[in-house]
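Encoded as C-alpha cells, the structure appears first; notes follow it.
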Amino acid sequence: MGHAERVPEADLIKPASHSFYLAHHAAYKDSASTPLRVVFDGSMKTTTGVSLNDQLFVGPTVHPPLNDVLIHFRQHSYVLTTDVSKMYRAVALAPEDRDFHRFLWREKATDPVVDYRMTRVTFGIASAPFLATNSVLHLAEQNESELPLAAKAVRVLLCR
C-alpha cells in the first residue's frame, strides 16, 4: 500500500539523534474486513524518558470543536457525511522526517526483524490531526480558482 518502506542499509547507520523507533502493537477486532490492525504509540517513552510526541510541534487546532459541528449539522434539511478513516494515510511525510517514524517488523516469528519507516502520517502521532486537516485546507486554497465552491465549502467546514 506504500504506507511504509524498508529502511535502506545506508540509512541504518544514522546517529540515534537522527531517527526514532515507534512502539506498536496489534489490535484485534471481530471483523471480516480488518480483524487485525497495527497501532503505533508515539507517546511511549524511550529509555531516555522522552517520546516522539514529546518532541513534536502539535500545531494549532484547525477544525471546529465537535459541539459546533453537531449544532451546525442540525441546522440543515440535508447534509453530506464522509468517512475520513484513511485521511491520515493520504498525507505523505516529508522524506527528511521519515526516519523519525521507524519501526521494527517481521511477517512471521521465524523471519528476521527488519527496519521500516512510515511514509505517511500515522495515527498515534501528536501532530497527525493538524497535518491531515491543514493539508485539506491547503489543497482547497491551491485549487480555489478551478473549484471555488469546493474551496468555500472546505473553509466553512474547517474554519468555523
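Restricted to the stretch 34-43, and to residues there that are part of a loop (DSSP other than H, G, I, E, B) and under 20 Å from Arg120 (Cβ atoms), the residue that is farthest from the chain's Cα centre (by Cα) is Thr34.
Taking the stretch 81-118 as the range and being crowded, with 18+ Cβ neighbours inside 10 Å, in contact with a His (Cβ under 7 Å, 6 or more places away or on another chain) and either in a loop (DSSP other than H, G, I, E, B) or not acidic (Asp, Glu) (or both) as the test, the residues that pass are Leu93, Phe103, Arg117, Met118. Listed by first and then second residue, the pairs with beta-carbon distance under 7 Å, at least 6 apart or on different chains, first residue in the stretch 134-160 and closer than 20 Å to Val91 by Cα, second polar (S, T, N, Q) and at pLDDT 90 or above, are Ala151/Asn143. Considering the stretch 55-96, and only residues there that are without any contact (Cβ under 8 Å) to a residue 60 or more places away in the chain and in contact with a helix residue (DSSP H, G or I) (Cβ under 7 Å, 6 or more places away or on another chain), the residue that is farthest from Ser19 (Cα to Cα) turns out to be Val79. Reported count of residues in the stretch 119-160, each being part of a helix (DSSP H, G or I) and on the phi > 0 side of the Ramachandran plot, is 0. Note on the stretch 35-58: among residues that are modelled with pLDDT under 85 and surrounded by 10 or more Cβ atoms within 10 Å (Cβ to Cβ), the one that is farthest from Met118 (Cα to Cα) is Pro35.
Number of residues in the stretch 98-127 that are modelled with pLDDT of 90 or more, under 20 Å from Lys86 (Cβ atoms) and either touching a strand residue (DSSP E or B) at 6+ places or on another chain (Cβ under 8 Å) or not hydroxyl-bearing (Ser, Thr, Tyr) (or both) equals 11.
The values are calculated or read from the model by the stated rules, or taken from the named source; none is laboratory data. None of these values were measured; they are calculated from a predicted model. FYI the Cβ positions are ideal-geometry reconstructions off the backbone, even for glycines, and counts take in every protein chain you see.
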